[in-house]
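Notes follow the structure.
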Protein chains: 2
Amino acid sequence: MNAVNKNTNFVVGLNIPAEIGMEEKDICTPALIIDLDVFEKNIRRMSNFVKGKGIRHRAHAKTHKSADISLFQIEHGGACGICCQKVSEAEALVAKGLKDVLISNQVVDLYKIDRLVALAQRARIIICIDDFKNIENLSSAAEKQKVVIECLVEIDCGAGRCGVEPGEPVLELAKKITVAKNLSFSGIQAYQGPAQHIRDFYERKAKIDNVIEEVTDTIELLQNEGLECKIVGGAGTGTYSFEGSSNVYNEIQCGSYVFMDADYQKILDEKGSFISEFENSLFIYTSIMSHTKPDVAICDAGLKAQSLDSGLPVVFGRDDVTYLTCSDEHGVISDPNNSLKLNDKIKLIPGHCDPTCNSHDWYVGVRNGRVECLWPVTARGMGF
Amino acid sequence: MNAVNKNTNFVVGLNIPAEIGMEEKDICTPALIIDLDVFEKNIRRMSNFVKGKGIRHRAHAKTHKSADISLFQIEHGGACGICCQKVSEAEALVAKGLKDVLISNQVVDLYKIDRLVALAQRARIIICIDDFKNIENLSSAAEKQKVVIECLVEIDCGAGRCGVEPGEPVLELAKKITVAKNLSFSGIQAYQGPAQHIRDFYERKAKIDNVIEEVTDTIELLQNEGLECKIVGGAGTGTYSFEGSSNVYNEIQCGSYVFMDADYQKILDEKGSFISEFENSLFIYTSIMSHTKPDVAICDAGLKAQSLDSGLPVVFGRDDVTYLTCSDEHGVISDPNNSLKLNDKIKLIPGHCDPTCNSHDWYVGVRNGRVECLWPVTARGMGF
């Protein structure tokens, strides 16, 4: 497999950081760069995992918001389709050829419902449900536009966000979906977000074991009423091996595994070592743009080039310099040996990949020191 | 003055949150909305301040990255021109008609220098300097393109970022600029970033008094060598009254005052009250999209709709609900009285306006409950 794309007419400037064929060192900073070899290796590993388990992988596009990467995950990574979080993301990705989309979220606004339903003319659209009135509104819009929308009832697995309690509340919603015109009950969405980032393996596993038990009971309850779950979906990069090996979930929804980030690399495996099946393929490439003090260098990647919600970025591949703090446009790098020079470039592992990607317009794919592709962040800013 | 613009052909969807003339309550969320009455009042107040002092206001566009707002600040707010932070920002803003631009930052990459110098064909371009080699590179590029670039020597006033120490180091750089071909020495940049956010009035004032003293000494040193400072620039929304009343600074560079944010509103005036000369005009408009627990509502503005670096957003205009925490796409709202309903919309005061604006593509200007204008975030993502 090979990640080359065909767009070659870019002029660096404004929001375009590179040209195809350019040497890596000439990329305009700050920019998001992808190490394509590692990126492809991560995708192969996930592909092999799901093949071995006989389950599906519905790759989560909320991480990268890129049509190119979504299509790559389907064509070369065995993904059955994608997840995304918003109608506007789905609009952008369907427009670029994605055909099987789960919006792993609620869509309750009437105008957004109309747009969602319109998308079902062009792609398989699946949506999450946690409210009765929402079922009526979706059904009425789908009937008007003569399409069928597939619905998953979302269980709140402990994140305290969307979703209903497992068991009876799921059954009640599922029944209502089943009788609603132009909707079909397709199963359950059961994603435990916060568990993804629990450091300790056994603590993480215990959270998911508990969820699996609740999901199992709920499926049984539904089956007793004649309601089959075509999709039992959930899981992320931190817990996918638990849900994926459960014989209960049949669709896992990992996103961050393609890139990884500083926060995800703090979680531990069974032996207490940092997890290693996926490696960092995504970096914020940044230049030293001021160095007036011997032990401190200033780089050009600040708050607008990343999200700090999960902590500071980590300098990749060198332990002599450290990213200390940042302001809107600047990062402060501790350089105790005065080893950085003006215009030197370094790679930062972002603290949290998803919102960091949403700050940028382009991914610059690099292999063997050269720019091989430029992929737009297709659904950047599309939060509606 | 009136902030109406002439663009009226928008279709809501993808990244477009509103149409001109739409009722405020129909704006697609999450979206950045501007209360135009308050926005204009903030701009009038700053305009009156500088008029009264006989100084210039070079409005900082890094806050809003909007050509429409920059032009409005010049046409209706008495601004002499703008500041921005990056060459690509300047490219985007000059392309939209801005003619007098200070990049209040260093540009040291040779490719960026060429682009910076090219802009000087179309606008007055001023740049900050803290390195000798950078002077040579700028001079050589400006000579080749037959333009003159104005240079300010940047003083590190205590932010620990870019800039040199006051006094002799400034003089040495100024001398080198003076003899460099196609550069002109225009003065000093002395912005104390962290002081902007110091809560206590007297502590904040003491920091700036100290800076003013250093700047005064440095100006004297330069004058003794025959070097005049056409521009003595700096100051932000937290400290502008000190620099602006100093009789030393002649250009202040406020940005956030047009919008304000939750962090800026924590700083205190002389009497220990929250500062009140500028009011919140910018909000993240967000909808309740899930409410399965009686005391917790979930809204659709999470990490991708804002930056949390300076803390959580604050719900505007109601004390019965509180923004508790957020994840990528969701905000968790404490709703102890169960007063929020599905699809209710609330306004959030962003924790930090600058990087929050950089997450969005549009400002939706609202007056009397109707959408009056849609302004693109012209230089969004332009960090190069």
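Computed over the Cα atoms of the stretch B:227-270, pair by distinct pair, the Kirkwood hydrodynamic radius stands at 11.5 angstrom.
Remark: the stretch B:351-359, residue by residue, has Karplus-estimated 3J(HN,Hα) of x, 9, 5, 4, x, 5, 4, 5, 8 Hz, where x stands for each Gly or Pro and the curve is 6.51 cos²θ - 1.76 cosθ + 1.60 at θ = phi - 60°. Of the beta bridges in the protein assembly as shown, as assigned by DSSP with both residues counted there, near 50 percent are antiparallel.
Across the protein chains, with a 1.4 Å probe defining accessible surface, the residues B:GLU75, B:GLU168 rank B:GLU75, B:GLU168 from largest area downward. Springs between Cα atoms under 10 Å define the GNM used for chain A, and in it the highest mean-square fluctuation of A:GLN196, A:GLN145, A:GLN253 occurs at A:GLN145.
If one computes P(r) from the Cα atoms of the protein assembly as shown, what percent of pairs lie at distances over 48 Å?
Across the protein assembly as shown, Cα pairs with separations above 48 Å total 19 percent.
Could you run the numbers on buried accessible area between B and A, total for both chains, 1.4 angstrom probe, in Å² to the nearest 100? Interface area, both chains combined: 5000 Å², rounded to the nearest 100.
Helix content alone sets the calculated 222 nm mean residue ellipticity of chain B: runs of n ≥ 4 DSSP H residues at -39500 (n - 2.57) each, divided across all residues, give -8500 deg cm²/dmol. Ligands, DNA and RNA excluded, the heavy atoms of A:GLU372 present near 30 Å² of accessible surface to a 1.4 Å solvent probe.
Shape of the stretch B:321-384 from its Cα gyration tensor (a ≥ b ≥ c, root eigenvalues): rounded if a/c is under 1.5, otherwise prolate when a/b > b/c, or oblate? Taking the square roots of the gyration eigenvalues as a ≥ b ≥ c, the stretch B:321-384 is oblate. Rolling a 1.4 Å probe across all protein chains gives A:MET382 an accessible area of roughly 20 Å².
Dipole check for the stretch A:55-181: with +1 at the C-beta of Lys and Arg, -1 at the C-beta of Asp and Glu, and the Cα centre as origin, the magnitude is about 440 Debye. If only the Cβ of Lys and Arg carry +1 and only the Cβ of Asp and Glu carry -1, the dipole of the stretch A:194-290 around its Cα centre is close to 420 debye. Residue by residue, the stretch B:83-92 carries 3J(HN,Hα) couplings of 10, 8, 10, 9, 4, 5, 4, 4, 4, 5 Hz when phi is fed to the Karplus relation 6.51 cos²θ - 1.76 cosθ + 1.60 (θ = phi - 60°); x denotes Gly or Pro. Convex hull volume of the Cα atoms of the stretch A:176-305, normalised per residue: 159 Å³. Computed from phi, the 3J(HN,Hα) profile of the stretch B:100-112 under the Karplus parametrisation 6.51, -1.76, 1.60 (θ = phi - 60°) reads 9, 10, 9, 8, 7, 6, 8, 10, 10, 6, 5, 5, 5 Hz, with x in place of Gly and Pro.
Entry for the stretch B:93-162 at q = 0.13, 0.27 Å⁻¹: log10 I(q)/I(0) = -0.36, -1.27, Debye formula applied to identical alpha-carbon scatterers, no solvent contribution. By a 1.4 Å probe calculation restricted to protein chains, A:ASP361 has an accessible surface near 40 Å², given to the nearest 10. Once you order the gyration tensor axes a ≥ b ≥ c over the Cα atoms, which shape class does the stretch A:129-245 get: rounded for a/c under 1.5, otherwise prolate or oblate by comparing a/b with b/c? Judged from the Cα gyration tensor, the stretch A:129-245 comes out prolate (a/c at least 1.5, a/b above b/c).
Among A:SER327, A:SER66, A:SER139, whose mean-square fluctuation peaks in a Gaussian network model of chain A (Cα, cutoff 10 Å)? Evaluated over chain A, the most mobile residue of the options is A:SER327.
What is the distance in Å between the Cα centroid of the stretch A:241-283 and that of the stretch A:314-384? Computed from Cα coordinates, the inter-centre distance equals 21 Å. Cut-off 10 angstrom, C-alpha nodes, Gaussian network model of chain B. Which of B:VAL179, B:VAL108, B:VAL117 fluctuates the most? Among B:VAL179, B:VAL108, B:VAL117, the largest mean-square fluctuation in the Gaussian network model of chain B belongs to B:VAL179. Computed from label points 7 Å out along Cα-Cβ, the spacing between B:GLU225 and B:SER276 is 4.8 nm. Magnitude of the charge dipole for chain A, about its Cα centre and with charges confined to Cβ atoms of Lys, Arg (+1) and Asp, Glu (-1), is about 1020 debye. Taking one quarter of the surface of the convex hull spanned by the alpha-carbon atoms of chain A gives a direction-averaged projected area of 19.1 nm².
The values are calculated or read from the model by the stated rules, or taken from the named source; none is laboratory data. Please read these numbers as outputs of a predicted model, since none were measured by experiment. Backbone-built Cβ (ideal geometry, glycine too); neighbour counts: all protein chains shown. Ligands, DNA and RNA are excluded from the accessible area calculation, which covers all protein heavy atoms including side chains. Shrake-Rupley method; radii C 1.70, N 1.55, O 1.52, S 1.80 Å.
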